Structures are given as C-alpha cells and as structure tokens.
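Presented below is the structure to which this report refers.
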C-alpha cells in the first residue's frame, strides 16, 4: 500500500464498481421471485384448488426464468469486460450507475410481463428494458475501449469488435420481439425465451475470452 | 498484476462468481422472512388476539428455519467445492446461473409450504425445488471434476466421490419426502426438518475438507 | 497461491463467511424499511391527511432506527471477533448460519414491534430475537476462543473475557426489557432505545480493539 | 498475515465497512423498484387500460431514477473518501452505521414522493432524507480528515476543502427544494431532478480525484 498507493487506489475503484454491480445484479435477480406470489385460497377450497392455482403461475415462472437468465447474460457480459478494463474515471462510473438503474428496473418489467403475458404493452415495456440494459452495456464497452482509454494496452481490435457485436445481439433481438408482439404475443414470448440461448451456445468471441478452457487450466 | 495478467484474470472470474453466489444466497436467505407477515389485527381485538395470532405463525417460522438452514447447507456445499476449483469456463458460469435461479426460487416454495403445510402440492413444490438446487450443485461438481477439468490437479478421486455422495443426500431425501407427503404431510415435514441434520452432523468427507480443525490451525 | 495452497484456502473460507455475513446484515438492515409502508390515502383526503398520516409512522420509524443500530452493534461485534479469528471449521460455519437466521428474523420482529408498540407480545418477541442473536454471537466467540481453537495464539485471556462481557450486555438488557414490558411498554421501548448507547459509548474493551485510534494510525 | 498482523487487521476493517456500504447501497437502490407496483387491472379492462395504467406510473418512474442516481452520487462520494482513508475507529464505524440507516430510508421517502408528487409533505420528507444522508457523509469526511485522523498523511488541505464543498452541494440544493416546494411542487421536483446533474457534470475536485483519467492510466 505504501510503495504504490495510486495503483492500489485504482484497483480499489475497479473492485468497488464490481462489488456494487455484483450486489445490484444479485438483488435484482433474487427480487424477481416476488413477482410470483403464494396464491391466497379460501380455506374450504384449498385442497381442491391449490394444485390448479400453482399451475396457473407458469407464465410468471417462465418470465422469472427468462429474466434471471437474461440478467445472467448481462452480468457475464459486464464481468467479461472487466477482464480487459484496468482503470476507471468519473464518466465511466456514471455509465455504470445508469446501467444498474436499468438492471434494477427489470423486476418491474418482468412482473408486468408475467402478470399480462398476452398484452403487447407488457412486451414493449419488457423489450425496451432489455434494450436499455444492453445499450448501456454497449456504451460501457465503447467508452472503455475508445482509444484504449481504460483497457489493457494490448487488446486486439478484433476482440473489441466481436464483443460489441455479441453485446448487441440481445437488444437487437429484443427490438425484433417488440415488433413481433404486435402480430403475436406468443411468438414474441418465444423469442424472449430464445435470446439467452444466443449467449449460452458458445460463439466466436469465446475463444478470446480469458476464462475459456485451455487458457485457464494452463 | 503486470507479471501474471492471465492468472489474475482467472482469479477475478472465480472470485466474482463467488461474489454473485454469496449475494444471491444472502438475499434468498434473508428475503424468506417476508413469508412471515406481521398479522393485521382489528384495533379492538389487538390486546386479546395478538399472542394467539403470533403463535399461529409457527408453521411459517418452522419452514423459515428449515429453508434458511437448507440454503446454508447448499451454500457450504458450493463454497467447499471452490476450495478445489481453480478456474472457470463459460459452461461452468451457466451452471452457476441455473443453480442460482433455483436457489432464488426457494423463498417462493418456502412461502407456499409455510402457508399450506398440510397440502401435498406444497410439499411436492418444495421438494422439487430442493432437488433442483441439489441437482445443479451435483452437476457443478461433476462438470468441474470430470477429467480434473477445473480443479486442482492433486485432488483425490476419493474426495471427488465422497463429495458427490454428500451432495446427493439432500435431493434423495427430498425425493423420499415427496413420496411420504402422499401418505402424511406431517411425516414429510418432519423429514424436511431432518435433512439439514444429515449435514450438520459431521461425516466422512469432513476429514478431507480443508477447513476442518487440525489442518487449518497448523 | 502455489506456495501456500492450504493457507489460501483457509483465508478463502474466512473471507466467504464474512461475505455472507456482510450480505445478510446489509439486507436485513435495508429490508426493515419495508415495515414503513407509504400510507394509502383516499384522493380527496390526501391534502389534509398526508402530514398527519406520515406523523403517525413515528413508532415504526423509531423501531426502524433502533433495529438498524442494533444490527449495527451485532455486525460490529461479529466483525471485531474476526480480527482475532484465523481459521474456521464446520461447526463454526453452522454457528454462523444459525446466527444469521436470527439476524434475518429481526425485520419481522421489528415489524411486529413497530406495528404494535403498546403490546407486550411484540416486546417479548423483539426481546427474544435480540437475545437469540446475542446468544449465538456469544457462542460464536466462545467456540472460537475455547482453547484458542480458531484464534490467534497470542490473544490475551483478558481480551477474551472483556469481549464476552461486552457481547452479553445486549441480551441481558433485552431480558430486562422483556420483564419491564409486563409493567410498562413505554419503559421497555425506552430501554430498547438505550441498548445501542451501551455500545456506542466507548468501554474498556476498546483499548484492546485493533481498530481503535492510536494503534491504526501508527 | 504473520509479518504484519496489525496492518492486515486494519485493512480488514476498512474493507468490511466498504463491503457493508456497498451491500446497503446496492440493496437500497434495487429495492426502490418495489415502489413501482405492477398495476392490478380487472380482467375485462386489461386490453383497453393497460397502456394507460403503465403510463400513469411515470411520476414513480421519475422518482425511481432520481433516487437511484442520487444514491449513486452518495455512493461515489463515500467511495471517493476511501481513496484517502487508511484506518478506522469505533466512532467512525458508527458514523457509517447512521449514514447507512439514512441511505436505507430513501426507498420509503422515494415511495412517498412517487405516490404523492404534488404534496408538499412528500417533498419535505424526501428533501430531509437527502439532507440527512449528505450531512452524515459530510461528518464522515470531517471526522476522518480532522487533524488527518484517519487519512493518508500527504492529503492536501485544498482537496479536503473541495471535497467538503462538493458533498454539501446536494444537501444545500435539497434545502432549497424544500423551500420551493411551498411555492410549487413542480419546481421542487425539477430541482430534485437537477441535483444529480451538479455531480455528473465534472467539477474542480475531479482533477484531484485518484480515479480520474491521466492518473490511472499512467
């Protein structure tokens, strides 16, 4: 700490942003369970109704899982960027705050979609929320890598570009889902289910990702 | 940081997964208290009714404690695996996300069981949730240890196997509890109470666990 | 990491317990705000009623502050113990889990006391909860220090004893408050307000506490 | 750990305060989303009403964003102080606890303002809450820097003073907003929207802030 105070301070900044992000993501993910309320059933109907009432929760459960996994996608995306990010500045902190404000909005949008899965409005709100999160994540990367401002100096332009395209997949798909919702909310819901799969199935960027096998284990 | 950037990045990945897990576990554990609502009593009945109304909360309180301790069991299980895990990859991250999605579901299942402790459906949902968490925790270990993919190279096969059996105790007992719930929900509840005891009472695996006494203090 | 793997693993264990504790404490503290609901006022009465309705929330606000500060007291107490604790074992992990289960119960007890500040039952529940948290914190210290099991080897018996007495102040005062509640809930509430002051005002233990001034700054 | 136990213990204290703060901030920020409830619409009116009902949530959404960003402002302010803070003491811990108790109150105040954006009382409560948070943050800095008690010894008085003025901007502006609320709640709301901009637009202090560009990247 005494020998290199400034380096230490920078590391602190970076690690505290990550701590706040991990916190907000963990909470937003976990809070979404509150959109699935335990059904209130009159006492004399409990025995006959409870299985059916629980079954009726399936759209909420589906939206819970999609949204949890989508937040996972964005968390991993944010997290991967920090493999390359070395330093921070005030503007970068603010991009993070706005990003997190949109992340933390998802429990509401997911609640709306789970409650009204057949309504266009719910699909538009949910899609716009996904676009906002993805947009700030894109700006986060764009700001950090522009002129190698905050990233490691040996980052390859190819990695920067691949990461950008990878980040944009979700907001672009969400935009398509919003359009489709005006034709069929079932199709739109199916597309929302499909978005995480774009990320779970490994792509070209993975070979450049520090956490991939063959690099870590070595 | 400069001398070994890749090692540092890997450590970051591992520590951020742990941070997200600790966050989700802490939140899921703490949120379960919301299943125990402060009873709303009409003003003129408060004095005479409050003790009784609080007493009536005991099934919810019992389920709260079982579930808190079960999440503790799974958190310790997850945590113990990281003593041996050195690196991560994308698939492993996703196993963690799915694991956490099931962890975060428990406040709902616990709410259902606390509200309807005499209903089979609630026992089935709760048991399935425990099985899902345990299943992903098993897969987490299985994936990391298969061919020593992500773990320390000197891990003994005996430890891998003992850990697997230890992880499976809870989901197997939960499966039995689901079966028993069709005979008696009281017996099933008693079994859910008993599951954590399987873990609190020390077993053979403990001698191999790095945090055990005689190894740490040395 | 390579030179001393076992030490590293132990440090991991200790730091992850602390991470879970910090998480549960932060969440339990913050969740208590939900006991103070925004009053629902009919539209035509808002202008004339809102100030009065907000004023009526004062007992809830008071209990919120007492409870937040009490959790602060216990968090600091737990935190101070870790200055001396070097290692962990399975039983110690479980003491932590039970401790946290009681910490996480306080939002409920605080909600009950804030809702029914004139009812003995609420005072008993709140006091018992404080006693449970303090009791597990005592056991936490007792277990770690018995035969210097998990603590630094140069810890003085005087420090061990002073810390024990300091931990016991809150549960003993809570026990007295429960007794007083049978005479007057106002007096009991006043005592609950006073408990944190026992800790905020510095005592003899502070001179031995590593974080105290004159030691840190040197 | 063995060579410099006391230094290590101090670092632990500092990092655990930061962990608790990051936790409370992350949770308070994320919980505010619960002030925006999914509208409950009778089944036959859903199709025609949902868009309008969602639109009616805009004041709550606005207050959510203001409050999230304000907590961001305070989090960054707290965080920046720790670049200079080296050690802690018991009184400093307590300033942190009171600070966090006020941070954690904001979800309530924000809920009140979002629900009753045209009512003076809501503006007063919200403003007082911002003043309390800012006041404790000021005291936090004042306490740490008085006689360079807990900060790096080479801190310049100019930095101490600039940071104080920067911290005071928000509470002073909130005081003005409270005054204005007695004339027009619209104007007052506009001022609450404007407060974060005072911080997002870079000021003179930024040149001295360790995380600013040109210092980090070097």
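The values are calculated or read from the model by the stated rules, or taken from the named source; none is laboratory data. Just so it is clear, the model here is predicted, and its values are computed rather than measured. Cβ atoms come from the backbone with ideal geometry, glycine included; neighbour counts cover every protein chain shown.
Of all residue pairs spaced 6 or more apart or on separate chains, those with beta-carbon atoms under 7 Å, a first member in the range C:80-105 that is away from chain B (no Cβ under 11 Å) and a second member that is part of a loop (DSSP other than H, G, I, E, B) are C:80/C:209; C:83/C:210; C:84/C:152; C:84/C:155. Picking from residues in the range A:58-74 that are surrounded by fewer than 23 Cβ atoms within 10 Å (Cβ to Cβ) and either within 14 Å of chain D (Cβ to nearest Cβ) or free of Cβ contacts under 8 Å to residues at least 24 places away in the same chain (or both), the one that is farthest from residue A:129 (Cα to Cα) is A:58.
Right, residue C:187: without any contact (Cβ under 8 Å) to a residue 60 or more places away in the chain, surrounded by fewer than 18 Cβ atoms within 10 Å (Cβ to Cβ) and closer than 19 Å to residue C:112 by Cβ or not? Answer is yes for this residue.
Selection of the range B:45-57 for residues being out of contact with any helix residue (DSSP H, G or I) (no Cβ under 7 Å at 6 or more places or on another chain), part of a helix (DSSP H, G or I) and touching a residue at least 12 places away in the same chain (Cβ under 8 Å) yields only B:53.
For the range C:93-101, check the following and say yes or no: at least one residue is under 20 Å from residue C:166 (Cβ atoms) and over 12 Å from the mean Cα position of the chain (by Cα). Yes - at least one qualifying residue is present in the range C:93-101. The requirement of being within 11 Å of chain D (Cβ to nearest Cβ) and surrounded by 15 or more Cβ atoms within 10 Å (Cβ to Cβ) is not satisfied by residue A:135.
Residue D:87 meets all of the listed conditions (1) more than 22 Å from the chain's Cα centre (by Cα); (2) in a helix (DSSP H, G or I) but one, namely (2).
When residue B:164 is tested against the conditions (1) part of a helix (DSSP H, G or I); (2) more than 13 Å from the chain's Cα centre (by Cα); (3) within 14 Å of chain A (Cβ to nearest Cβ); (4) closer than 26 Å to residue B:82 by Cα, the lone failure is (3). Restricting attention to the range D:186-201, does a residue exist that is more than 23 Å from residue A:88 (Cα to Cα), modelled with pLDDT of 95 or more, out of contact with any helix residue (DSSP H, G or I) (no Cβ under 7 Å at 6 or more places or on another chain) and assigned to a loop (DSSP other than H, G, I, E, B)? Scanning the range D:186-201, I find no residue that is more than 23 Å from residue A:88 (Cα to Cα), modelled with pLDDT of 95 or more, out of contact with any helix residue (DSSP H, G or I) (no Cβ under 7 Å at 6 or more places or on another chain) and assigned to a loop (DSSP other than H, G, I, E, B), so the answer is no.
Taken over the range C:121-161, the residue count meeting the criterion of being part of a loop (DSSP other than H, G, I, E, B) and over 21 Å from residue C:95 (Cα atoms) is 4. Tell me, yes or no, whether the range D:109-119 has at least one residue that is out of contact with any strand residue (DSSP E or B) (no Cβ under 6 Å at 6 or more places or on another chain), free of Cβ contacts under 8 Å to residues at least 24 places away in the same chain, outside any helix (DSSP H, G or I) and facing chain C (nearest Cβ under 7 Å). Checking the range D:109-119: at least one residue is out of contact with any strand residue (DSSP E or B) (no Cβ under 6 Å at 6 or more places or on another chain), free of Cβ contacts under 8 Å to residues at least 24 places away in the same chain, outside any helix (DSSP H, G or I) and facing chain C (nearest Cβ under 7 Å).
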